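Below you'll find the structure, written out as structure tokens, and then a few comments.
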């Protein structure tokens, strides 16, 4: 929970948000101009140090201003943090990664007014804690007790007017990227923003999120590894969700690091198994890898700890074409077969235009990214312990990014295909989670049955 001072207002009108972005852009521009003048009198080394120092200061300032706006501007910033290593200065990426921590809560009187507007007199059925137990870019969460049943619940309350601001927010963010020359303005960027727009409009539809939560609860029914909150429809609206309060500790809690290796392996296997099943079984994926979307409920008696799955807003449903490509990429990765991987790389311009060395380079990156799912007979033993993949010692994400940068320098800059972007985003988050847990997972248990089924 953030210790930042609650915001007494949130800028929700298009004009106020435009003015905030304009002011931010202007201040950044003025500071860069000032540094250009003072840099005339510095040595080359001093100018380079000044450049990096100023870049970090300006990036931190930008993130602080975005955090005040809330809404989809922040969400896009968080997503850029995941992909920014391809295209943004390191200082900007580092600052964008702090956006979650920077998010200040909205003052209680604004939240309570929103709750009353959504529930009317039914709001009186609850004793609501004023301090939120979670804050995010689009909503914050308050714990409450139902007065008549004594049941503990949480109320996920959408910030006022953020849904109406999505389209203008995205235009503002694109303008900010343009004036700062942070990202080349290409068709790929337009497609990327179009996909983000669709996702955000789904994410602020709480009727859809409530139904998705119920659907995933049904998928996981009977699987003791997971807990999905219960939705209470009579207290839920298009802008507010009432669900059961599910206790657990956060993924950054030191208690997780003190668990024995078997328990950490169990949690890691549970986390990555969902990602595989989303592609091979369900055809839809919760695409937000934020650690705040998970809790862990420890069970010292059975030592079979459970994952609490909290947020089903950022759901992406996939068509058969994309699912076929994603499955084939994973199957090729399972066998670590480069020819099979190159054959699987088809169906989108990003892949279809690749030939020669660029095609080989992309295939190598994808094969490396699939290391944790490799058949035990073909996997690199350097990263295995008793046929289990050692996430923390593999440095997989860093190796993939380094290989991608060095191997694809000949390619003209482009964002990942929008159709694959959210799958990639989810895997990046899963890799970070399993590395943080220091889990070791069994690839054969994860994908072998899916590979066999698709080969039939």
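Each value in this text was obtained by applying a stated rule to the coordinates, not by laboratory testing. In this text, all values refer to a predicted model and were calculated from it rather than measured experimentally. Virtual Cβ from ideal backbone geometry, glycine too; neighbours counted across all protein chains shown.
Working out 0.36 nm times the residue gap between residue 107 and residue 223, then minus their Cα-Cα distance, what length gain in nm do you get to one decimal? Mind dumping the intermediate values first?
Numbers: separation 116, 0.36 × 116 = 41.76 nm, distance 3.89 nm.
Fully extending the segment from residue 107 to residue 223 adds 37.9 nm.
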Query raised in the report: For labels at residue 297 and residue 261 in the simple 7 Å Cα→Cβ model, what's the distance in nm?
Result: 2.9
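Could you calculate the contour length gain from residue 398 to residue 445, that is, 0.36 nm times the residue separation minus the distance between their Cα atoms, to one decimal place in nm?
Details: separation 47, 0.36 × 47 = 16.92 nm, distance 2.53 nm.
Length difference between fully extended and current span is 14.4 nm.
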Report task. At 7 Å along the Cα-to-beta-carbon direction for both residue 125 and residue 343, put a label point, then send me their distance in nm to one decimal. Result -> 5.8
Requested in this report: Can you pull the one-decimal nm distance between simple spin-label points at residue 359 and residue 146, each 7 Å off the Cα toward Cβ?
Outcome: 5.9
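Find how much the distance from residue 133 to residue 161 grows on full extension, using 0.36 nm per residue of separation minus their present alpha carbon separation; answer in nm with one decimal.
Details: separation 28, 0.36 × 28 = 10.08 nm, distance 2.16 nm.
This chain segment gains 7.9 nm when fully extended.
If each residue's Cβ is checked for other Cβ atoms within 10 Å, how do 192, 282 rank with the fewest at the top?
282, 192
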Report summary line: Fewest to most Cβ atoms within 10 Å: 208, 341 sort as 208, 341
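Sort 154-162, 391-399, 296-304, 369-377 for me by packing, meaning the mean count of neighbouring Cβ atoms within 10 Å per residue, highest on top.
The peptides rank, most packed first, as 154-162, 369-377, 391-399, 296-304.
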**Report entry** Cα gyration tensor category, rounded, prolate or oblate, for the stretch 248-456 with a/c compared to 1.5
**Finding:** prolate
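At R0 = 60 Å, how high is the FRET efficiency between residue 381 and residue 207 if r is their beta carbon distance? Nearest 0.05 is fine. All intermediate terms of the calculation are to be shown ahead of the outcome.
Values: r = 50 Å, r/R0 = 0.83.
Efficiency at R0 = 60 Å is approximately 0.75.
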